[in-house]
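The structure under discussion appears below in the form of C-alpha cells.
The values are calculated or read from the model by the stated rules, or taken from the named source; none is laboratory data. Model, not experiment: these values are computed from the prediction. With ideal geometry, Cβ positions are generated from the backbone for all residues, glycine too; neighbour counts draw on all protein chains shown. Accessible surface is based on the protein model in full, side chains and every heavy atom, while ligands, DNA and RNA are left aside. Shrake-Rupley method; radii C 1.70, N 1.55, O 1.52, S 1.80 Å.
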Amino acid sequence: MDKFFDVALIPQFLATLIKYLPTTLYILVVSLLLGFVLGVLIALPRIYNIPVLKQLAIVYTSFFRGTPIIVQLFIVFYGIPILTALVNVDTTRMDPLYAAIITYGLSSAASIAEIIRSAINSVPKSQTEAALSIGLTQRQNFFRIVFPQALKQATPNFWNLIIGFLKDTSLAFSIGVMDMSGRGETLITSSNHSLEVYVSLAIIYYLVALVLEAIFKQIELRLKRDKANTRTIFEMIRQ
C-alpha cells in the first residue's frame, strides 16, 4: 500500500521522468510521419474511387479507428514475430520501441486518411472542372488549387490528432517501451509512491501539450496571414 502522499517527491520524479521525454517525442514524431505517408496512400483510393483498393481502405480505416490502441499494440508486438517467422526472419528480440512506432503509425494513418479525404472533398468540384477547362493538368490542379485549400481545412484536425496521439503514447510502456510512462512504472515499483508519479507524469504531458498548442496557434495565424496568397481557380480565371 502506498505511503502518505508526499508532495516533496514530485520535483524529484519530474527530474527523473523528463529525461525520458525525448523517447516519447521520438515515438510521436516518427509514427506520425509514417502515418502521414500511409494516410495519403489510404486516402487516395477513396478519393478517386479505385475499385478493390477503396474497399480495402475502408476496412483498414474502420478497424484501426474502431479498436483500442492498447489492443493494437499487443497485436503488432506479438504479431510481427509470427509474420516474420513465415519468411525465416527472427524478430522475437525486436526492440519494443519499433513495435510501438509501427502501431502508432498504422493507427494514425487511419485517422490521417480520413482527415485528408474530408479536407480534399471539401474543396468544391467546380474548381477542378474550371481548372481543367483552362488547360491545367490533374497534377497542377491538385497541387496549385486543391491541396493548398485542403491543407488549411485540415490543419485544426491535424493538431487535435497530434495532441491525442501524444497522450496515447503513454500506453507504449505496456509492451515494454521505456519512455516516460515506462520509467514511471519502475518509479512506482521502487518508491511505492504511485500518486506522486502519476501527478508528475500529468504535469509533463500537460506542459508539452500546452507548448504544442502554442506552436499550432502560431502556425494557424501564419496560415491566415498567407490566406491572400492562396488563390481559387476562379480568381486565376478572373486574372
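Just the projected area, averaged over all directions, of the convex hull on the alpha carbon atoms of the chain: how many nm²? Intermediate results must be reported in sequence, preceding the final value.
Details: hull surface 67.4 nm².
Taking a quarter of the hull surface, the average projection is 16.9 nm².
Using Cα-Cα distances under 8 Å and only pairs 6 or more residues apart, what relative contact order does the chain have, in percent?
Values: 247 pairs, mean separation 76.0, N = 239.
This gives 32 percent for the chain.
Might you tell me the accessible area per residue for region 114-233, computed with a 1.4 Å probe and given in Å²?
Numbers: 6450 Å² over 120 residues.
That works out to 54 Å² for each residue.
Packing order of peptides 100-113, 156-169, highest average first: 100-113, 156-169 (average count of other Cβ atoms within 10 Å over each peptide's residues). If each Cα of region 92-164 is one equal point scatterer, what is log10 of I(q)/I(0) from the Debye formula at q = 0.18, 0.24 Å⁻¹? Treating every Cα as an identical point scatterer, log10 I(q)/I(0) equals -0.76, -1.01.
Using the Cβ-Cβ distance between residue 219 and residue 167 with R0 set to 35 Å, the FRET efficiency from 1/(1 + (r/R0)^6) comes to roughly 0.95.
Normalised by residue count, region 129-223 yields a Cα convex hull volume of 117 Å³ per residue.
So what's the gap between the Cα centers of region 57-135 and region 181-204, to the nearest angstrom? So the two Cα centres are separated by 31 Å.
Pick out the long, greasy-scoring helices in the chain: whole DSSP H runs spanning 20 Å or more along their own axis by Cα, mean Kyte-Doolittle at least -1.0. Write down the numbers at each step before the final one.
Details: long enough: 21-47 (37 Å, 2.11); 69-85 (24 Å, 2.26); 96-121 (38 Å, 0.98); 147-168 (29 Å, 0.09); 194-225 (47 Å, 1.04).
Going by DSSP H runs, the hits are 21-47, 69-85, 96-121, 147-168, 194-225.
Expressed as a whole percent, the accessible surface of the chain that belongs to carbon and sulfur atoms is 66, based on a 1.4 Å probe. Each listed q (0.16, 0.23 Å⁻¹) maps to a log10 I(q)/I(0) for region 1-85 from the Debye sum over equal C-alpha point scatterers, namely -0.88, -1.18. Surface analysis of region 63-103 yields an accessible area of 65 Å² per residue, using protein heavy atoms and a 1.4 Å probe. Near residue 49: Cβ cut-off under 15 Å, other residues only, Lys/Arg at +1 and Asp/Glu at -1. The net charge is +4.
Set the Förster distance to 25 Å, then compute FRET efficiency between residue 29 and residue 199 from the Cβ-Cβ distance, nearest 0.05.
On the way: r = 26 Å, r/R0 = 1.04.
After rounding, the FRET efficiency stands at 0.45.
Using R0 = 25 Å, the C-beta based FRET efficiency linking residue 91 and residue 185 works out to 0.55. Rg and Dmax over the alpha-carbon atoms of region 37-118 stand at 14.2, 41 Å.
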